[in-house]
Amino acid sequence: MYIVADENIALLDDFFAHLGKLHKRAGRQLSALEIKEADVLLVRSVTQVNAQLLQDSRVRFVGSATIGDDHLDKQWLDSQGITWRTAPACNAKSVVEYVFAALAYLSEIKNLELSHKVLGIIGLGNVGSLLASFAQHLGFTVIGYDPFTQHTAINQVELEQLLAQADIVSLHTPLTKTGAYPSFHLLNENNLRQLKQGAILLNSGRGAAIDNQALLAFMTHNPHHLAGLVLDVWEGEPMVNSTLAQKVDIVTPHIAGYSLEGKWRGTEMIYLALCDFYDKEHQYQLKDFLPNNQQVLVWPNKENLWQNYAQLLQTIYPITKDNQAFRQTLLEHDDIKRALAFDNLRKHYWHRRESSAYAVQEVPLAYQQAIKTLGFEIIA
């Protein structure tokens with residue numbers, strides 16, 4: 001078996017080397033010539049997988065270690081009898097913890113009281129629905145917008161109503177440009193002004209779900225309208241609108257889902273799918289490689305559950321670390337060098353752990369079940 005893979009997929013050798021010859025390349029530079037003799041192609045979201053890349057190849061299986069699939073021409077792959085698999089929900093918890101870590105940081109640096117606020121979630125797939133569940137446990141009122149799915153536990157409203165009512169708006173849509181409800185430029189010059197005065201806007205889904213030029217114009221002409229702006233994803237990545245970035249409170253290079261568990265779980269899922277495709281026995285699973293962390297944290301003893309959770313998150317994921325690292329790249333005046341720096345931050349991302357790697361002691365009985373639900377281990 002000849003496997004061509006994006007070199008930045010975590011644990012490539014550990015999971016796949018035993019299956020055959022493994023050729024690793026930068027995902028943005030993969031070419032049709034390199035893939036021509038491959039049986040298997042493994043990618044991330046930076047590689048567009050379509051007829052132009054694969055039409056003269058032997059590839060019969062495409063695996064993407066991502067929750068999204070908008071970089072795959074699924075219709076063409078299906079028409080060619082090429083099996084494709086992604087890793088749905090692999091990093092959903094990582095993204096959710098990113099959102100709350102960002103909110104915790106904003107609440108601290110801007111002295112914002114976020115308890116019991118209205119959280120509006122645009123896109124209620126694996127990530128959006130998990131965010132909703134966590135938020136409800138933390139005391140937020142949740143409203144959602146997603147024309148493709150219904151959740152009985154979430155009050156779903158029209159987009160205009162969500163923008164007008166939500167104190168916090170978080171986007172978690174795939175990127176689509178066709179159909180009845182395209183997400184491309186879902187937020188644009190016509191509806192950005194409908195955001196509630198003093199709202200917080202976060203995008204950790206797809207960069208082009210917000211028209212970045214329209215957002216720049218909105219922020220320029222309404223500099224005090226939002227209480228906070230958080231962007232992890234950018235239109236035109238890895239080329240980032242540096243002028244817009246300077247107006248954003250928290251800037252990160254598309255790493256919301258980059259927890260150690262999130263990345264490694266994605267690799268495990270496409271490994272298992274590939275083994276099943278070739279009817280091979282699974283030799284490895286995530287727990288074989290995941291380091292044992294289990295650091296013990298002390299309960300912060302704040303006023304309410306959200307404040308305690310926010311303090312715990314700031315300990316395990318100081319998001320300012322990612323924010324400052326990205327801001328350093330913006331000092332580079334050359335667009336190409338900034339783009340390379342963007343990808344370099346992702347390639348060499350630090351080993352950020354999810355809450356499951358941590359235990360908390362001295363948790364009051366009234367909060368123990370909620371803290372377990374949020375992912376932590378409880379110890380006496």
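The values are calculated or read from the model by the stated rules, or taken from the named source; none is laboratory data. Everything numeric in this text was worked out from a predicted model, so none of it was measured. No Cβ is skipped: glycine too gets one built from the backbone with ideal geometry, and neighbour counts run over all protein chains shown. In case anyone asks, the SASA skips ligands and DNA or RNA and just uses the protein heavy atoms, side chains included. Shrake-Rupley method; radii C 1.70, N 1.55, O 1.52, S 1.80 Å.
With a 1.4 Å probe rolled over the protein heavy atoms of all chains, the accessible area of TRP84, TRP264 falls in the order TRP84, TRP264, largest first.
Put a dot 7 Å past the Cα of ALA51, heading toward its Cβ, do the same for GLU113, and the two dots end up 6.0 nm apart. A crude spin-label estimate for the pair SER79 and ALA273, with each label 7 Å from Cα along the Cβ direction, gives 2.1 nm.
For THR149 and SER31 in the same chain, what is the full-extension length gain: residue separation times 0.36 nm, less their Cα-Cα distance, in nm?
Working: separation 118, 0.36 × 118 = 42.48 nm, distance 3.66 nm.
38.8 nm is the gain from fully extending THR149 to SER31.
Shown is the FRET efficiency for ILE379 and GLU189, computed with R0 = 45 Å from the Cβ-Cβ distance and rounded to the nearest 0.05: 0.30.
Volume per residue for region 274-353 equals 178 cubic angstrom (convex hull of Cα atoms). When the residues PHE148, PHE277, PHE140 are ordered by accessible surface, computed with a 1.4 Å probe over the protein chains alone, the sequence from largest down reads PHE148, PHE277, PHE140.
Using 0.36 nm times the number of residues separating GLN369 and LYS177, minus their current alpha carbon distance, what extension gain do you get? Walk me through the intermediate numbers first.
Working: separation 192, 0.36 × 192 = 69.12 nm, distance 4.17 nm.
Contour length minus the Cα-Cα distance gives 65.0 nm.
By the helix-only formula, in which each DSSP H run with n ≥ 4 contributes -39500 (n - 2.57) and the sum is divided by residues, the chain has a 222 nm mean residue ellipticity of -10000 deg cm²/dmol. What you get for region 3-62, charging only the Cβ of Lys and Arg (+1) and of Asp and Glu (-1), is a dipole of about 120 debye around the Cα centre. Expressed in Å, the radius of gyration and Dmax of the Cα atoms of region 236-315 are 19.4, 54. The alpha carbons of the chain give a radius of gyration and a Dmax of 21.0, 62 Å, in that order.
Once C-alpha pairs closer than 8 Å and six or more residues apart are averaged by separation and normalised to the residue number of the chain, the relative contact order reads 15 percent. Per residue, the chain exposes 44 Å² of solvent-accessible protein surface, assessed with a 1.4 angstrom probe and all protein chains in place. The residue list GLN197, THR243, PHE218 was ranked by how far each Cα lies along the charge dipole of region 191-264 toward its positive end, using unit charges on Cβ atoms, and GLN197 comes out on top. Partners of LYS93 within straight-line reach, counting aspartates and glutamates whose Cα lies under 17 Å from its Cα and excluding those fewer than 8 residues away in the same chain: ASP232, GLU261, GLU268, GLU354, GLU377. Here the 3J(HN,Hα) profile of region 61-71, calculated from phi with Karplus coefficients 6.51, -1.76 and 1.60 at θ = phi - 60°, is 9, 10, x, 10, 7, 9, 7, x, 9, 6, 8 Hz, Gly and Pro shown as x.
Translational D (Stokes-Einstein, µm²/s) of region 113-199 at 10 °C and 1.306 mPa s when Rh comes from the Kirkwood sum over C-alpha pairs? Working shown, then result.
On the way: Rh = 13.2 Å.
Answer from the Stokes-Einstein relation: 121 µm²/s.
Listed by chain and number, the aspartates and glutamates whose C-alpha is less than 13 Å from the C-alpha of LYS21, apart from same-chain residues fewer than 8 away, are ASP13, GLU37, ASP39. Here the dipole of the chain is about 300 debye; that uses its Cα centre as origin and unit charges on the Cβ of Lys and Arg (positive) and Asp and Glu (negative).
In this calculation the C-beta distance from GLN136 to MET239 is compared with R0 = 35 Å, giving a FRET efficiency of 0.40.
Size of the dipole of region 1-131 about the Cα centre, Lys and Arg at +1 and Asp and Glu at -1 on the beta carbon, nothing else charged, in debye to 20? All intermediate terms of the calculation are to be shown ahead of the outcome.
Details: 13 positive and 15 negative charges, 8 e Å.
In debye, rounded to 20, region 1-131 gives about 40.
Across all directions, the average projected area of the convex hull around the alpha carbons of region 184-303 is 12.0 nm².
Excluding same-chain pairs closer than 8 in sequence, count the lysine pairs in region 269-357 whose Cα atoms lie under 29 Å apart. Intermediate results must be reported in sequence, preceding the final value.
Numbers: LYS287/LYS321; LYS287/LYS347; LYS302/LYS321; LYS321/LYS337; LYS321/LYS347; LYS337/LYS347.
Final tally of qualifying lysine pairs is 6.
Placing a label point 7 Å from the Cα of SER356 along the Cα-to-Cβ direction, the residues of region 103-133 whose backbone N falls under 18 Å of that point are 126-133. Straight-line reach from LYS117: taking Cα to Cα under 13 Å and skipping same-chain neighbours fewer than 8 places apart, the aspartates and glutamates in range are ASP167.
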